[in-house]
């Protein structure tokens, strides 16, 4: 029987609600996002039954850590018993972090159009910026390191990479797929689906 992993996107932040590119900025959850995190903890417990033997790991960004702690508490677990993995950080949008798509389009229509046409490989301006392809290298490294059932809390970009690397979703489809904050992704050798 294949090992099952559960992946949760962090709960909503004000920047999510405003459709701003968050990237690696440390934006806190809003109240709605905190409730999503608690609901996902209850959902996780119902899906997995016992969580004994699971490795719990989160992105180091505050919104992922808070989501992990709220979800663990809602699942009846010690909220602080998990580890951090830097490879689960969100994609870095470089100089565009904090901007909405509309604001970026107003600043540079050509670069905005370029991103819309080739989103997977697009590299935003800025020294530390990443494309989804670059992000997929560290996500792929993390996936290869999994050696036991795992619950991870991470970000939309990371989950897009999982859909491409594990689910076989085409690059541009993966770059544009909707990643909900109120569901749990079930991942095993033979399936990647929302529960």
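Residue 189 falls short on exactly one of the conditions (1) touching a residue at least 60 places away in the same chain (Cβ under 8 Å); (2) loosely packed, with under 13 Cβ neighbours inside 10 Å; (3) under 13 Å from the mean Cα position of the chain (by Cα), and that condition is (3). Annotation: of all residues in region 61-83 being exposed (fewer than 15 other Cβ atoms within 10 Å of the Cβ) and touching a residue at least 24 places away in the same chain (Cβ under 8 Å), the one that is nearest to the chain's Cα centre (by Cα) is 83.
For region 29-54, taking the residues that are part of a loop (DSSP other than H, G, I, E, B) and touching a residue at least 40 places away in the same chain (Cβ under 8 Å), the one that is surrounded by the fewest Cβ atoms within 10 Å (Cβ to Cβ) is identified as 53.
Within region 84-103, restricting attention to residues that are part of a helix (DSSP H, G or I) and within 14 Å of the chain's Cα centre (by Cα), which residue is surrounded by the fewest Cβ atoms within 10 Å (Cβ to Cβ)? Write out each step before concluding.
Filtering region 84-103 for residues part of a helix (DSSP H, G or I) gives 86-88, 94-96, 101-103.
Restricting the remaining residues to those that are within 14 Å of the chain's Cα centre (by Cα) gives 86-88.
On the way: 86: 9, 87: 18, 88: 21.
Selected residue: 86.
If you go through region 6-28 and pick out every residue that is outside any loop (DSSP other than H, G, I, E, B) and within 14 Å of the chain's Cα centre (by Cα), you end up with 6.
Coordinate-derived values only; no laboratory data. Remember, predicted model here, so these are calculated numbers, not experimental data. So basically every Cβ, Gly included, is an ideal-geometry build from the backbone, and we count neighbours across all protein chains shown.
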